[in-house]
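The values are calculated or read from the model by the stated rules, or taken from the named source; none is laboratory data. Being a predicted model, the structure only gives us computed values, none of them experimental. So basically every Cβ, Gly included, is an ideal-geometry build from the backbone, and we count neighbours across all protein chains shown. Just the protein is used for accessible areas: all its heavy atoms, side chains included, with ligands, DNA and RNA removed. Shrake-Rupley method; radii C 1.70, N 1.55, O 1.52, S 1.80 Å.
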Amino acid sequence: MGFNCADGLSKLLAELSFFLKIKKEKKMIDCKHFDRMIQEPISFSKANSKLKKLAKAKGLYNWTKGKESSIYSWDLLAGWSCPFAHECRSSAVEGEDGKRKVVDGVYTKFRCYAASQEARLTNVYQKRKRNYDAMIALSKDNLVSDSDIAGVLCDALPFCGLVRIHSSGDFFSWKYFSAWMQVCKRNPRIKFYAYTKALVYVRRYETVFGSLPENFSLVASRGGSSDNLITPEMAEAVVVYSEEEAEAKGLEMDTDDSHAAIGGTKFALLIHGTQPKGSEAQKALVALKGAKK
C-alpha cells in the first residue's frame with residue numbers, strides 16, 4: 001500500500017488543530033485559575049517618609065534619579081509571612097469583632113514595628129493582607145510555577161527605580177523567593193533590596209544559580225532561626241538598644257535604609273516602635289526617649 005499524501009496531510013492538520021485546541025483550553029483554564037487565586041488586587045506601596053530619604057543617597061542616584069516618586073515597597077503581613085522570625089516574631093491578629101491586636105512570639109525580644117502598624121492602621125493591614133493572601137495561594141498551588149508568580153508581580157510592578165521587597169514580611173517559601181529573583185532579572189533597570197531571615201532559600205539559590213541577581217541587594221537580618229547561615233561576607237543588620245551598643249560592636253547606624261539599599265556592609269538598626277511591656281526593648285526605648293528630652 002502506497003503513502004497517501006492527502007491522508008497524511010489530513011492527519012497532520014488534525015493533530016495541529018488538536019494541539020491548538022488544547023493550548024487554547026489550557027490558557028483559558030490558567031486564566032480562570034489565576035482569577036480564583038487572586039480574588040482581590042495586589043499592589044505596591046509608595047515610599048514612606050523613611051524610604052523617601054533614599055532619593056538623596058548618592059549611591060542610589062543612578063536608580064532613583066533623585067526622585068522620591070521612583071521609590072516603592074512591596075509588603076506582606078508581618079509575622080504570618082516570616083517563618084524564620086525568632087527574636088522579632090510579632091503578628092497582628094484580628095478577632096471576631098474585627099479588632100486587631102499584636103501577638104508576640106514565645107521568643108520575642110523586640111516587637112516588629114510592621115505588626116504594630118497593622119494592628120493600628122486598617123488600610124495598611126488590608127493592603128498587606130491582600131498581597132499576602134494572593135502570594136500564599138499562588139505559592140501553595142501546584143499548577144502555578146515560580147515563573148507564573150514572577151509574572152503576576154511584574155504585572156503589578158509600577159514604573160519605578162528602587163523597590164524595597166518587604167518593608168513588612170519576608171520570603172515565606174522557596175517558590176516565592178525564586179519568583180522574586182526572576183522579577184529582579186526581568187527588570188535590570190530597577191534596583192531591588194530586602195532584609196531577610198529566610199537564609200535557607202538564599203543558600204539554596206546560590207547553590208543552584210551561583211549568585212543573586214546583580215540588581216538585588218540582600219541583607220541578612222540577625223535574630224532569626226537560621227542565623228547560623230550568616231557568613232562573614234554577607235551584608236548584615238543587627239538591632240541595637242542604643243547608639244553606644246552600635247559603637248561597641250563597631251557598627252554604623254543606618255537611619256535612612258541607605259546601607260541596606262546600597263548593600264555590602266554590616267550595620268545597626270536602632271530599636272523603635274511599640275515594645276512589649278516590661279521587656280528590655282521597652283526599657284531601652286524609654287531610655288532613648290528620655291535622652292532626647
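A few points about this structure:
- Top-ranked residue in the stretch 260-293 [being without any contact (Cβ under 8 Å) to a residue 24 or more places away in the chain and farther than 26 Å from Gly105 by Cα; ranked as least open to solvent (accessible area, probe 1.4 Å)]: Gly290
- Residue in the stretch 136-150 that is touching a residue at least 60 places away in the same chain (Cβ under 8 Å) and under 30 Å from Gly278 (Cβ atoms) present: no
- Every test in (1) in contact with a Leu (Cβ under 7 Å, 6 or more places away or on another chain); (2) surrounded by fewer than 22 Cβ atoms within 10 Å (Cβ to Cβ); (3) at positive phi is passed by Gly210 save one, and that test is (1).
- Residue match in the stretch 218-239 (condition: in contact with a Gly (Cβ under 6 Å, 6 or more places away or on another chain) and without any contact (Cβ under 8 Å) to a residue 40 or more places away in the chain): yes
- Residues (exposed (fewer than 14 other Cβ atoms within 10 Å of the Cβ), free of Cβ contacts under 8 Å to residues at least 40 places away in the same chain and not basic (Lys, Arg)) located in the stretch 38-60: Ser49
- Selection within the stretch 61-82 - within 24 Å of Pro188 (Cβ to Cβ) and either open to solvent by 80 Å² or more (accessible area, probe 1.4 Å) or not in a helix (DSSP H, G or I) (or both): Tyr61, Asn62, Lys65, Gly66, Lys67, Glu68, Ser69, Ile71, Tyr72, Ser73, Trp74, Asp75
- Residues in the stretch 113-129 that are among the basic types (Lys, Arg) and free of Cβ contacts under 8 Å to residues at least 24 places away in the same chain: Arg120 only.
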